[in-house]
Structures are given as structure tokens and as C-alpha cells.
Amino acid sequence: MSPAGGDAPVHVTLRGITRVYPAQAAQPPVHALGPIDLDLRQGEFFAVVGPSGCGKSTLLDVIAGLAVASAGDASFEGQAIDGSVPDGIGVVFQEDASFPWLTVHDNIAFGLRELGRPADVVQAKVKYALDFMGLADFAQAYPAQLSGGMRQRVCIARTLVLEPRLILLDEPFGALDQQTRLLMGDELLRLWRETGATILLITHALDEATMLADRVGVMSARPGRFLEIVTTGWPRERDSTIVADPRFGGLTSRIWTLLRGESLRALGHTGVRR
Amino acid sequence: MKRVTLLRILVILGAIGLLEGLIHAGIVPRFTIIPPSEMASALAAILASGKLKVDIAVTLTNVAVAIVASMAAGVTIGTVLQRAAALRRILDPLFATYYAIPMYAFYPLLIVVFGLGDVPQICIGFLLAVMAVIINTLNGLDRVPRVLLKAARMHRMSALRTALRIRLPYAAPYIFTGFKLAVAYSFIGVIGAEFITSSRGIGYEISFAYNNFDNRLMYGLILFVLALVLTVNMSLHAWEKRLMMRRQR
């Protein structure tokens with residue numbers, strides 16, 4: 001497991017990443033994102049915050065290989081990302097992506113079965129993931145029988161069993177209540193420590209970003225660029241009680257100060273509508 | 001038993017009892033309709049004698065072929081059309097007006113093409129059933145959430161595997177509705193066609209009994225068809241409910 005920090009090898013490189021949506025009928029082209037330059041170090045926990053519509057999710061889609069950048073270069077473990085999802089990357093989405101026709105167990109086993117792993121390997125890994133995410137009692141339940149938080153855990157477990165080296169999370173706790181979000185944050189930290197994976201978390205919750213990440217990238221209003229990357233300096237062993245740390249408030253307000261003007265600008269751009 | 005189920009049974013029993021009473025009282029002439037109790041005994045006699053075994057087997061086989069063919073073709077055509085937006089737009093008016101076409105009007109043509117065997121009946125059943133499957137397949141596939149398709153890309157699945165493992169399973173409850181309709185339409189199509197021109201089958205026997213004023217045989221067979229279709233559709237309905245239970249919160 002490599003420690004997060006300046007000396008860890010670079011895992012993801014972004015250079016001049018820009019995304020422009022081409023002109024539609026009677027609509028000019030939309031410059032959604034960039035240019036973005038970023039190096040993610042192996043094993044670090046990086047959070048991205050920014051005003052609504054600043055292109056955070058677009059950035060994640062480009063790194064995941066789910067969208068192609070209009071300009072710039074992205075690479076993962078030295079290989080260019082070119083519009084297909086590279087091996088070793090797992091994505092957890094904001095929306096519920098659990099498969100409603102499969103039990104929790106079969107949801108988690110889905111990716112492994114797609115890869116044609118032998119049944120005993122699938123069994124062992126799914127059992128580990130069920131235990132790790134606290135889903136063992138619900139293995140035979142269908143997603144519709146679970147709460148939103150539990151379903152999101154299923155999606156995380158489904159990604160986790162594939163042992164991704166880079167985990168991308170797009171506002172995974174956005175639809176959950178505050179207490180559940182804090183607890184899910186703790187689980188995410190535990191997962192991050194135990195797997196040694198690099199994590200990129202997109203969130204609109206400043207406290208969540210401050211609590212979880214080694215570094216927080218603060219993005220401007222559209223077109224999204226990094227205004228500043230704030231280093232939190234937390235120890236690797238940490239959990240949600242860190243919100244009581246005297247430095248927590250300072251870091252969060254530092255990020256908010258950077259964001260406030262941008263959020264106002266974003267509101268002004270789009271009116272009250274979202 | 002649930003209150004509504006009990007009431008439902010009471011309504012049906014009441015209607016049967018009323019009909020029985022009206023006929024025995026001579027208000028409805030026996031020449032028009034025989035009492036339900038006699039229909040049941042006539043059906044029992046028909047089944048016990050075994051003389052219509054071949055007709056029943058022929059009809060059920062033809063219905064089954066129409067059902068299976070319309071399901072397979074309907075899901076395949078629906079899946080392909082959902083991915084071919086331009087073709088779908090061209091065919092859209094046909095879908096909207098399909099059930100305005102009187103399929104039986106093509107029956108003479110089908111007999112000319114396929115002869116007097118079982119194929120024309122199967123064709124009518126198929127033609128009536130297939131569109132219900134196509135439309136419901138399209139409806140289900142249109143509803144697949146984008147995030148599930150993103151998840152498919154994350155698992156690096158091909159278009160075919162995405163269709164088989166994500167799109168179709170998600171659409172399954174909708175497709176099932178199409179299957180239920182396909183079963184009903186196949187019965188209607190095949191038995192209806194047997195009425196017109198054929199030499200065997202339940203529809204042919206009902207029509208033959210009708211022409212010979214054989215009320216016992218005619219009503220016995222009508223009861224048979226009714227009981228058969230109701231049983232099949234009720235079991236499909238129960239299955240569908242089980243399928244939907246998993247999806248509902």
C-alpha cells in the first residue's frame with residue numbers, strides 16, 4: 001500500500017482537459033470544462049467541489065473513459081484514456097445503479113461473472129464484500145426492499161469486488177440524509193485504507209470533502225477550472241470524528257471562501273433554476 | 001381470502017346462478033342458451049368421450065406455436081428497432097394503426113399462399129400477437145435508466161451483452177405484459193380463423209355444432225375455451241405480480 005503524498009507515483013495525469021459541447025439547433029456551443037491540469041498520486045484521496053453545473057461530473061466521465069475530452073490528454077497508469085473504461089477503474093454513480101432484477105448477492109457478483117471468474121472465486125469475493133459493506137443479512141433481498149443508503153452500498157460493493165486501483169465516485173451520497181452520509185464517509189475511508197486504491201470523489205458537500213480527502217480541488221463556475229487545490233494534511237487513520245478537529249472549521253471555511261463567489265456566479269448564470 | 005377476491009367469486013357465482021334460474025324458469029329459452037350446469041356436464045362428457053382429442057390438440061399446438069413465434073419475433077424486432085431510431089420513426093405510423101387492420105381480411109390470401117393446413121391459422125394468431133410484444137418491448141427498453149447503461153460500459157460489456165444482461169432484464173416486466181397480451185391474441189387469432197375455413201380444431205367444432213343446432217356440444221366447447229384462457233391468463237397474472245413485487249418498494 002503506497003502512502004498518499006508527494007512522493008507516491010503519479011496514478012492519473014490530466015493535461016489541458018477541455019470539454020466543449022458542440023452547437024445545437026439555435027444554441028451556441030457550450031464550454032463546459034477546462035482546461036484542467038491535475039496529477040493524482042497513487043493511493044491518495046482527492047475530492048472535487050464546485051458550484052452546480054461547473055463540469056465536475058464531466059471531469060469524472062472523462063477520467064472514467066465514459067466521455068471523450070474535446071482537447072487535452074488523460075492517462076491512467078501511463079496509458080492514454082481514449083473513450084473506453086480502462087481496466088482497473090471503478091465508478092460509483094450518484095443515481096441508484098443497482099440492478100432491480102437481481103438480488104443483492106447477484107448484483108455484487110455481476111462484474112465478476114461478466115469477467116468469467118470461477119464460481120468459488122466469485123463466492124469468496126462476494127462474501128467478503130457483503131461482510132465489508134454490512135450487507136450480509138440482505139444478500140437475498142432485492143434492491144427495491146432496501147433504503148437508498150443500502151442500495152448505494154450495494155453499488156459500492158459491486159465496484160469493490162472488482163478490486164479497482166482507481167475508484168471514481170460521482171456524488172455517491174448526494175441523495176442520502178446527513179447522518180447516513182457521515183457514516184458512509186467512514187466506510188469509504190475504511191475501504192480506501194484497506195484497498196489502497198486511489199479515490200477521486202465528486203461532491204457538493206464542503207464538509208464531506210474536507211473530512212474525507214487528502215486534497216480538495218476547488219472548481220470555478222462553468223467552464224470549470226481548478227481555482228486552488230487545498231491540502232488538508234489529515235493522517236491516513238481518520239474518521240468522521242475529525243469534524244471536531246480545530247483545523248476542520250478553518251479548512252472548510254477556506255474552501256467556502258474560494259467557492260462563494262463562484263457559486264453566486266453560477267446562480268447568476270442559470271437563474272434560480274438548476 | 002381477501003375481501004375483494006371473495007366478492008369477485010360471489011359476483012361470478014351470482015351471475016351463473018341467475019342464468020341457471022332464468023333458463024329453468026323458462027324466461028330464457030333453452031334453444032338460445034342451455035343452463036350452465038348442462039354446459040359443465042356436456043364439457044365433462046366431451047372430455048370423457050375423447051372424440052375431440054385431436055381437435056383440442058391441434059388448436060392448442062397451433063396456439064402454442066403462434067405464442068412462441070410472436071414472443072421470439074416481437075422481442076427481437078423490438079430490440080433491433082429500439083437501437084435503429086430512423087427505422088423506428090419510419091415505421092411508427094404503422095405501429096399506431098396496426099390494430100385497425102382487420103387481420104382476418106388476409107385469411108383468403110394466407111390460404112392461397114400456405115394452403116388449407118394449420119399455417120394460415122397460426123399466421124393470424126401470430127399477426128395479432130406480435131405487435132403487442134413489439135410495442136411493450138419498445139416501451140420497456142425506452143425506460144432503461146441511463147445510469148444502468150453507464151454501469152454496463154463500466155463493466156466493458158458489448159452491445160449484445162448489454163442488451164441481454166441489462167436492457168432486456170430491466171424491461172422484463174413490460175415485455176411480460178406483451179407476453180400476456182400475446183397469449184390472449186394468439187387464442188383469438190387461431191380459434192377465430194378455425195371458424196372461417198378449416199377442417200379441424202376447437203373453433204371448427206364450435207362452428208360445426210352451431211350449424212347443426214347442437215347446443216350441448218357448442219356450449220360445452222365455449223365453456224372449455226373460456227376456462228382454458230382464463231386459467232392461462234390468471235396464472236400469467238399471478239406470475240407477473242410476483243415479478244413486480246421484487247421491483248416495488
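The values are calculated or read from the model by the stated rules, or taken from the named source; none is laboratory data. Quick caveat, the model's predicted, so the values are computed rather than measured. Positions of Cβ are backbone-derived with ideal geometry, glycine not excepted, and every protein chain shown enters the neighbour counts.
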**Prompt:** For the range A:25-47, which residues satisfy the criterion of being under 17 Å from the mean Cα position of the chain (by Cα) and over 22 Å from residue A:206 (Cα atoms)?
**Reply:** A:42
**Prompt:** Conditions: (1) crowded, with 16+ Cβ neighbours inside 10 Å; (2) within 20 Å of residue A:221 (Cα to Cα). Residue A:27 meets all but one. Number of the miss?
**Reply:** (1)
**Item:** All positions within the range A:72-114 that are free of Cβ contacts under 8 Å to residues at least 40 places away in the same chain and either of a type in the set (A, V, I, L, M) or more than 26 Å from residue A:143 (Cβ to Cβ) (or both)
**Value:** A:78, A:79, A:80, A:81, A:82, A:83, A:84, A:85, A:86, A:87
**Message:** When you scan the range B:189-199, do you find a residue that is in the same structural domain as residue B:78 (by TED's automatic domain parsing), among the charged types (D, E, K, R) and surrounded by fewer than 20 Cβ atoms within 10 Å (Cβ to Cβ), even just one?
**Reply:** no
**Request:** Quick one: count up the residues across the range A:55-71 that are more than 18 Å from residue A:93 (Cβ to Cβ) and either in contact (Cβ under 8 Å) with a residue 60 or more places away in the chain or more than 14 Å from chain B (Cβ to nearest Cβ) (or both).
**Result:** 3
**Asked** Which residues, counting only those in the range A:162-173, are within 13 Å of another protein chain (Cβ to nearest Cβ) and either in contact with a Gly (Cβ under 6 Å, 6 or more places away or on another chain) or at pLDDT 90 or above (or both)?
**Response** A:162, A:164, A:166, A:167, A:168, A:169, A:170
**Complete:** When every residue in the range B:127-175 that is of a type in the set (Ser, Thr, Tyr) and in contact with a Lys or Arg (Cβ under 9 Å, 6 or more places away or on another chain) is compared, the one nearest to the other protein chains (Cβ to nearest Cβ) is B:170
**Prompt:** Among A:80, A:47, which is closer than 23 Å to residue B:151 by Cα, more than 14 Å from every other protein chain (Cβ to nearest Cβ), surrounded by fewer than 16 Cβ atoms within 10 Å (Cβ to Cβ) and touching an Asp or Glu at 6+ places or on another chain (Cβ under 9 Å)?
**Reply:** A:80
**Prompt:** So is residue A:198 in contact with a strand residue (DSSP E or B) (Cβ under 6 Å, 6 or more places away or on another chain), assigned by TED's automatic domain parsing to the domain that holds residue A:55 and touching a residue at least 40 places away in the same chain (Cβ under 8 Å) or not?
**Reply:** yes
**Prompt:** Which condition breaks for residue A:74 when tested against (1) in contact with a helix residue (DSSP H, G or I) (Cβ under 7 Å, 6 or more places away or on another chain); (2) within 11 Å of chain B (Cβ to nearest Cβ)?
**Reply:** (2)
**Request:** Enumerate the pairs (first residue in the range B:59-85 and in the same structural domain as residue B:185 (by TED's automatic domain parsing); second residue anywhere and in a helix (DSSP H, G or I) and among the hydroxyl-bearing types (Ser, Thr, Tyr)) with beta-carbon separation below 7 Å, excluding pairs fewer than 6 apart on the same chain, so at least 6 apart or on different chains.
**Result:** B:63/B:186; B:66/B:186; B:67/B:186; B:70/B:186; B:74/B:137; B:75/B:137; B:78/B:137; B:79/B:137
**Message:** Looking only at residues that are under 23 Å from the mean Cα position of the chain (by Cα) and at the interface with chain B (Cβ under 9 Å from one of its Cβ atoms) in the range A:101-113, which one is nearest to residue A:65 (Cα to Cα)?
**Reply:** A:111
**Asked** Which residues, taken from the range A:190-204, are farther than 17 Å from residue A:130 by Cα and surrounded by fewer than 21 Cβ atoms within 10 Å (Cβ to Cβ)?
**Response** A:193, A:196, A:204
**Prompt:** If you check residue A:180 against the conditions, is it more than 12 Å from chain B (Cβ to nearest Cβ) and either surrounded by fewer than 22 Cβ atoms within 10 Å (Cβ to Cβ) or at pLDDT 90 or above (or both)?
**Reply:** yes
**Message:** If the requirement is being closer than 30 Å to residue B:191 by Cβ, over 21 Å from the mean Cα position of the chain (by Cα), modelled with pLDDT under 95 and assigned to a helix (DSSP H, G or I), which of these qualifies: B:87, B:47?
**Reply:** B:47
**Item:** Residue check for residue B:44: within 30 Å of residue B:168 (Cβ to Cβ) and of a type in the set (A, V, I, L, M)
**Value:** no
